[in-house]
Amino acid sequence: MHEPTVKELPAHGVRAERIEKRLGGNDVLRGVDLIVRTGEILSILGSSGSGKSTLLRCLNLLTVPDSGDIWVHGEKLAIRSESQHGGQAEILDHRQVRRVRASMGMVFQSFNLWPHMTALENVTEGPVLVKGIRRNAAADLGRHYLAKVGLSDKAGAYPRHLSGGQQQRVAIARALAMEPRVLLFDEPTSALDPELVGEVLRVMATLADEGRTMVIVTHELAFAREVSTRAAFMHRGLIEEESPSQKFFSSPVSGRLRSFLASHR
C-alpha cells in the first residue's frame, strides 16, 4: 500500500494503516485501517476482546503497534515495527510523540485522577507541565473547562469527595484543558453506576455538537447512534463494517453486526 500524500490525508485528522498488535500470545489487531476526518465523530463498537481499546491506544502510541503506520494531522509517527529489526516495536522520536499526544486528549475507563490534588489542580497540571502555561493562566483555563462540564462548584474538591460521574467529568475537563484537536474516549461510562452514566454522556453530546473531532469506544449504542457521524464495528481484531451512522444502525450489511445490534437493543 502506498504512503498517502498530504492531499490524500484528512486535514488535522488521523489515519492508521495495517495496524497489527499481539498481546499475551493473541493477535489483538490483525491489520486495521482507519481514517478519522476533521470534525468527524467516529464510534467504535464491538464485543469485549475485539480490539477496540487497543486500537484507540495505538492511535496515540500509548500502545505501540507491532507493525503498521499512523499519521496524525498529516504527520507520520516515527515508530519502528518488529519486522524492521527483529525485536520489539518501539518509538523512534519521543519528542514527536509527546507533541502529538498533547494534541490528542484521551479519557479512560478509569478516571486516573491524582487523589492528592483538587479537581482544579488535576485539570491544570497538564497545561502547566506539558504546554508551559503559567499557573494563573492555567487556573483560569481549568475553571473554564470545569464550568463546561458542569462542575464550577467542585474546583476545590478532592476526587474522594466526588461521585464517579463527577470524577469522569473532571477527567473530560482535564483532556479539554490541553485544547486537543482530537478527543479519544475509551469506554468512558463503563466504570460508572447506571444512574451516573447520563451526566457523562450529556457532556460528551455537548462536545459532539461543537463539531469536535472525536473517536469513541463505547457500548452505549443509543448514544453512539445519536452523536456519531460514522460508526465502525470490530470483530476479532479487524474492522468488519464501517459506514455513516444512519446506514450503520439502520441497514447493516454484516450478519455479525446485525446480531450485535439486535442483542444490545
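As an exercise, use a Förster radius of 35 Å and the Cβ-Cβ distance of SER163 and ARG30 to find the FRET efficiency, rounded to the nearest 0.05.
The calculated FRET efficiency here is 0.35.
Mind jotting down the distance between the C-alpha centroids of the range 60-130 and the range 18-37, whole Å? Centre-to-centre distance over Cα atoms comes out at 17 Å.
Between HIS116 and SER190, the FRET efficiency estimated from the beta carbon spacing at R0 = 25 angstrom works out to 0.50. Between ARG265 and ASN136, the modelled label-to-label distance comes to 6.0 nm, taking each label 7 Å out from Cα in the direction of the beta carbon.
Taking the range 12-92 on its own, what percent of its Cα-Cα pair distances exceed 15 Å? Across the range 12-92, Cα pairs with separations above 15 Å total 55 percent. Rolling a 1.4 Å probe across the protein heavy atoms gives the chain an accessible surface of 47 Å² per residue. Calculated FRET efficiency, THR38 to LYS76, Cβ-Cβ distance, R0 = 22 Å: about 0.80 to the nearest 0.05. The listed peptides 188-196, 257-265, ordered by packing as a protection proxy, come out as 188-196, 257-265 (highest mean of other Cβ atoms within 10 Å first). Over the range 133-265, Cα pairs under 8 Å with separation of 6+ residues give a relative contact order of 16 percent.
Computed extension gain for SER254 through THR206, at 0.36 nm per residue and net of the alpha carbon distance, reaches 14.2 nm. Using a probe radius of 1.4 angstrom, the carbon and sulfur fraction of the accessible surface of the range 100-198 is 50%. Between the alpha-carbon centres of the range 162-219 and the range 134-150 there is a gap of 17 Å.
Only one residue of THR54, GLY39, LEU141 has its Cα farthest out toward the positive end of the dipole of the chain, where Lys and Arg carry +1 and Asp and Glu -1 on Cβ, and that residue is LEU141. In this label model, GLN109 and ALA147 are separated by 3.6 nm, measuring between points 7 Å along each Cα→Cβ vector.
When restricted to Cα atoms, the range 209-255 yields an Rg and a Dmax of 10.9, 34 Å, respectively. A simple count of charges around LEU42, restricted to other residues whose Cβ falls under 11 Å of its Cβ and scoring Lys, Arg +1 and Asp, Glu -1, yields 0.
In terms of its C-alpha gyration tensor, the chain has an oblate overall shape, because the principal axis ratio a/c (a ≥ b ≥ c, square roots of the eigenvalues) is not below 1.5 and a/b does not outweigh b/c. When a/c is below 1.5 the answer is rounded, else prolate if a/b is larger than b/c, else oblate, so apply that to the range 80-237 with a ≥ b ≥ c taken from the square roots of the Cα gyration tensor eigenvalues. The shape class here is oblate.
The values are calculated or read from the model by the stated rules, or taken from the named source; none is laboratory data. Since the model is a prediction, treat every value here as computed from it, not as a measurement. Note that each Cβ is placed from the backbone with ideal geometry, even for glycine, and that neighbours are counted across all protein chains shown. Accessible surface areas use protein heavy atoms only, side chains included; no ligands, DNA or RNA. Shrake-Rupley method; radii C 1.70, N 1.55, O 1.52, S 1.80 Å.
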